[in-house]
Structures are given as C-alpha cells and as structure tokens.
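What follows is a short report on a single structure.
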Amino acid sequence: MDMHNRIKHITIVGGGSAGWMAAAALATYLGKGAAIRLVESEEIGIVGVGEASVPHIRIFNGQWLGIDEAEFVKRTQGTVKLGIQFNDWGRIGDSYLHGFGAIGRSLGPLPFHQFWLKLHLAGRAGPIGDYSPQTVMAPQGRFAPGDRNAPPGSPLADIAYAYHFDATLYARFLRELAEGRGVQRIEGKVVGVQQRAHDGFVESVTLDSGQVVDGELFIDCSGFRGLLIEQTLKTGYVDWSHWLPCDRALAVPSESTDPIIPYTRATARAAGWQWRIPLQHRVGNGYVYASRHISDDEAAATLLANLDGKALAEPRRLAFTTGMRKQFWNKNVVALGLASGFLEPLESTSIYLAQSGITRLLSLFPTRDFNPLLTERYNRESVFEYERIRDFLILHYHATERDDTPFWDACRTMAIPDSLRETIDLFRCDGRYFRNGEDFFALPSWVQVMLGQRIVPQAYHPIVDEMPEGRLADHVEGVRAMLAHAVGAMPTHGEWIQRYWKAAP
C-alpha cells in the first residue's frame, strides 16, 4: 500500500462515551500509524444518561479493546442486565421480560417457540419466560455467567448478558485507556470550522483559545447539535417522530435500594414510559414522553412520584427528535453517537449504535482519497441498522390494547411501516418470524415482545405435528425443568457483585 496515501491525522470533536469509545478503538487499531486528537470542552459537558446496554458491549470492551470485565464493572459502578421488564404495555397490569439470549433448544429447522406454541395454545405450557435462562434468572434476582461445562446446545452454555453502568464514569475510564494508547486530548470549544474550497471537505476546526486543529478524517461526536455533520455540512435529517412520538426525557438519580435487580424496568405511563436502571451506588430513572400529550411539569411530577428511593438531584430535561442523519458519513466526516441520529432508549441501543459505527468505520477505513464506494457502503449498512431497530421500537408502542389515554390510543391506531406490518401479520398467523438480513434484534427478541404484548399466533408451524405428542411434551418440559433446577442453584446478583465486582465506595 502507498504509505503516502494513509490517513495520518484523525480529529474527534466531542468527548462523552461516543467520543472516547471512538478514540480508544482507533488508537488500539491504528496505533502508531495515525495521530489521534480529541477536542472536548469541560464546560459543555456530556449527556451521560445512557446507563443500560446490550450484550454486544462485552465484545466491544473485551475482544476489541482488551478491557478486563471486573475492572470495567468496578470502575463504572456496574451491575448485570439480563433484559428488560416491560410493565403495563399491552394492557395495564401486564408484565413480561424481554431477556437476552436464546429461548429453549431449537430442533432441526424449527426454533423452540414453535414446539412451545403447540402446547401453549392447548393450555399445556407456561409463559414463554419459563424457557430461557435470563427470564428465569431475572425475577429471582440470580446471576452466573455461562457454564463452559454445559452440554452442547444447552441454554446454559453461554448466558448472554449486558450491564447497567454510569456513562460518565465509562467515558472517564475510556479516556484513561485511550490516552494511555496515545490519544491527545485538547480542551476547548469549537468556534469555527474551515472547509477546503474545491470540495467542501473539513480541513480544520478553530477553538475558543485560537488554536487550530487540523485533520484528514473528522469524527463528529458533538451530540444532538451535529457540529460538523449538520451545522457545517448540512447533511439533513430523516424525522421518525410520526412513528416514535416521544420527544422529551427527564432523568433523575435516586438512592440505591436493595436488592439490586439484574434487569432494567420500563413501565408504561400515560404519555410514554419510565425507566429504572439499578447501579451499585444509585438508581437511574427517567420518563421518556411525548410533549404533545403531557407538560414538562406533569412529567416531572409523575417521575418523582414513582421513584423507589429518595431523588438525589433535580430532574434533567433532554429534548430530541427521533430519526437519523441522511448520511452518517459525509465527505471526510463520520458522525457517531447522538450526532448521527437518535433512537430513544427503550431497548438501550444508543451505546451499541456508536460501537457498531466505530467497528464499521474500522472495517471500511479509508485512505486519503476517500473512495466513495466505502462511504456508500458505510451509509447503506448504517441506514439498514437504524431502520430495523426503529421497527422493533415501533412494535412496542403499536402492539398495545390500551386506549385509556390519547397517547396510547394514537400509538395503537397509527399507520406503521410495511416492513413491520408484514412481520406482525406473519407471526400472528402461525408464529413464524424471519430475521431481516443482519437485523440486530434476532428472533428471541421479536418473539418475546410480540407475545408479551398480546400478539398471540393463531396456529403453529405445520412441521411441529410430525413430532409425537409425548416427545414434544418431554422436550418442552425438559427445558423448563432444567432451567428451574440450574437457576435455583445460582448465587444472587448481589452475592455475585459482592464477590467479584464490588466497586470502591
């Protein structure tokens, strides 16, 4: 490769978890070959609300960055997340868990839920949550990682889990790691952006101190403002608020309560939903709502009235428009984190989307001539990922029987994307679900949310009838009994933290 054509100077604008994740990954993989600088302002601060994640973070932290799990959890006051408990979504009084990982044991071409479905429709099997490790562990407050000695195909062989953690502490932890790997941090506020005359590529940014920071590749992690991607390059935005009507969030920490549960809680409210995320030192709470249906003051009152412990601060308000940039990579600017778009935190995908963007950038990393095919591929894959996650989020709002408030009635009756309508109709018919390409949320996620919100198939896959009744019942019951037995022997989540992951006070 022509070494003269290699990108030697990368400038990241904005810190926060997105900026420091990018800095850490770029430093790890481009190492000495490129100078990486990150510009951030102490004064602006970071949003720092995202406190829940999906299991992919274990790959990013462990495999990509070589971070020791126990050190990460201790440094970020972390806890385990086995999934999300959804309360009052289908109807008031309903509760189900969307757990990570597989459901039961599949047989041949058929996923486990098809065998379960035949028995369930005949009244001979319990709820789907009885058949996956996470959804048995979570309500009992138990946790242990996968058992390497479990037989192949056993649901206990590899237990998928994620974390709850303090996003501000995570950014600090990554900053230390990135600086240790050669990233230079520059304090300052960007007050000007210079572009190349002939093609509009960003050449440099000017800081309030007068310092000019140049670069060949710029990473925009400037949050909702999109300083480079939007304010400078006028990339444009695709607005999805007609499908995802929540446009505000209020966040407030509260005192820790025992026991620390190993799952996130999402409780539907009159005009949106409330999150509860337990950390070691406090609980994160928030109300995500639609400003058309409730005032900020009412939302704050609802949030504060529904805390398990004393509030530790005044609620912080965030305003957003759900959607994505028309291009995630435009000229020599790649937007990550909130600068690239925003899908509300219902399924904790914000940190994942930033990490996915970083790993995609590394695999499609350009040279100084910025081959447009790389940019096009990056944008196409990013759009696909955002649209699939968008459909999964819309499912939660639309699959409801609630008509008790104008908000829920509007969600229940709204027109939805054709791609989602087809998925729902197919599942309602006989429980089939087809993953769309590399869709991030796989079959277990869709199945659990659809069943949990009362989209119950009328029939099951025809092949199921080929299995003798006795064998079918043994297969399904065998999974339930094995999980009940194994989970009963696991330590509690609190014991696990105490033993291995206790953070310094």
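Numbers at a glance
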read-out: Criterion violated by Asp158 - all others in (1) over 22 Å from the mean Cα position of the chain (by Cα); (2) assigned by TED's automatic domain parsing to the domain that holds Val464; (3) more than 25 Å from Gln453 (Cα to Cα) satisfied; value: (1)
read-out: Enumeration of residues in region 399-416 that are in contact (Cβ under 8 Å) with a residue 40 or more places away in the chain, loosely packed, with under 15 Cβ neighbours inside 10 Å and closer than 23 Å to Phe441 by Cβ; value: Glu401, Met414
read-out: Answer from Leu346, Leu338, Leu304 - the residue that is more than 18 Å from Ser241 (Cα to Cα) and part of a helix (DSSP H, G or I); value: Leu304
read-out: Contacts under 6 angstrom Cβ, first residue in region 263-292 being closer than 17 Å to Gly83 by Cβ and among the hydroxyl-bearing types (Ser, Thr, Tyr), partner surrounded by 22 or more Cβ atoms within 10 Å (Cβ to Cβ) and modelled with pLDDT under 95, 6 or more apart; value: Thr264/Ala52
read-out: Strands (runs of 3 or more DSSP E) enclosed by region 207-286 - at least 1 residues per element that are under 23 Å from the mean Cα position of the chain (by Cα); value: 217-220, 237-239, 248-254, 264-269, 272-278
read-out: Candidates Arg248, Arg282, Arg316, Arg269, filtered to the one that is of a type outside the set (S, T, N, Q) and under 18 Å from Thr349 (Cα atoms); value: Arg248
read-out: Pair list, Cβ under 7 Å, 6 or more apart: region 468-496 residue outside any helix (DSSP H, G or I), other residue exposed (fewer than 12 other Cβ atoms within 10 Å of the Cβ); value: Thr492/Pro259
read-out: Meets criteria (modelled with pLDDT of 95 or more and in a loop (DSSP other than H, G, I, E, B)) for Ile67; value: yes
read-out: Residue selected from region 49-64 under the condition in contact with an Asp or Glu (Cβ under 8 Å, 6 or more places away or on another chain) and of a type outside the set (Lys, Arg), by the criterion modelled with the lowest pLDDT; value: Glu51
read-out: Which listed residue, of Arg435, Arg454, Arg471, is more than 28 Å from Ile294 (Cβ to Cβ), modelled with pLDDT of 95 or more and out of contact with any strand residue (DSSP E or B) (no Cβ under 8 Å at 6 or more places or on another chain); value: Arg471
read-out: Cβ pairs under 9 Å, 6+ apart, first in region 419-432 and assigned by TED's automatic domain parsing to the domain that holds Trp446 and assigned to a helix (DSSP H, G or I), second surrounded by 13 or more Cβ atoms within 10 Å (Cβ to Cβ) and β-branched (Val, Ile, Thr); value: Leu420/Ile394; Ile424/Ile416; Ile424/Ile455; Phe427/Val447; Phe427/Ile455; Arg428/Ile455; Arg428/Val456
read-out: Test result for Gly146, free of Cβ contacts under 8 Å to residues at least 60 places away in the same chain and surrounded by fewer than 19 Cβ atoms within 10 Å (Cβ to Cβ); value: yes
read-out: One residue from Arg402, Arg360 being of a type in the set (Lys, Arg), within 27 Å of Glu422 (Cα to Cα) and touching a helix residue (DSSP H, G or I) at 6+ places or on another chain (Cβ under 9 Å); value: Arg402
read-out: Tabulated pairs, region 209-231, first under 15 Å from Gln184 (Cα atoms), second not in a strand (DSSP E or B), C-beta under 7 angstrom, 6+ apart or interchain; value: Gln211/Gly188; Phe218/Leu228; Phe218/Asn332; Ile219/Ala22; Ile219/Leu336
read-out: Single residue of region 174-205 satisfying the filter (basic (Lys, Arg) and outside any strand (DSSP E or B)) that is farthest from Glu69 (Cα to Cα); value: Arg196
read-out: Residue in region 289-298 that is outside any loop (DSSP other than H, G, I, E, B), surrounded by 16 or more Cβ atoms within 10 Å (Cβ to Cβ) and of a type outside the set (Ser, Thr, Tyr) present; value: no
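For every residue, the table says whether it meets (1) assigned by TED's automatic domain parsing to the domain that holds Ala35; (2) of a type in the set (Gly, Ala, Ser); (3) surrounded by fewer than 16 Cβ atoms within 10 Å (Cβ to Cβ); (4) touching a helix residue (DSSP H, G or I) at 6+ places or on another chain (Cβ under 6 Å).
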position	(1), (2), (3), (4)
Leu174	yes, no, no, yes
Gln184	yes, no, yes, no
Arg196	yes, no, yes, no
Gln211	yes, no, yes, no
Leu217	yes, no, no, no
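Let's see how each residue does on (1) surrounded by 16 or more Cβ atoms within 10 Å (Cβ to Cβ); (2) touching a helix residue (DSSP H, G or I) at 6+ places or on another chain (Cβ under 8 Å):
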{"site": "Glu43", "(1), (2)": "no, no"}
{"site": "Ala70", "(1), (2)": "no, yes"}
{"site": "Lys81", "(1), (2)": "yes, no"}
{"site": "Trp89", "(1), (2)": "yes, yes"}
{"site": "Ile103", "(1), (2)": "yes, yes"}
{"site": "Ala125", "(1), (2)": "yes, yes"}
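Rundown of residues vs (1) at pLDDT below 95; (2) assigned by TED's automatic domain parsing to the domain that holds Met21; (3) over 15 Å from the mean Cα position of the chain (by Cα); (4) of a type in the set (Asp, Glu), yes/no style:
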residue: Lys331; (1), (2), (3), (4): no, yes, yes, no
residue: Ser340; (1), (2), (3), (4): no, yes, no, no
residue: Pro345; (1), (2), (3), (4): yes, yes, no, no
residue: Ser348; (1), (2), (3), (4): yes, yes, no, no
residue: Leu353; (1), (2), (3), (4): no, yes, no, no
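The values are calculated or read from the model by the stated rules, or taken from the named source; none is laboratory data. None of these values were measured; they are calculated from a predicted model. Cβ coordinates were reconstructed from backbone atoms using ideal geometry, including for glycine residues, and neighbour counts include every protein chain displayed.
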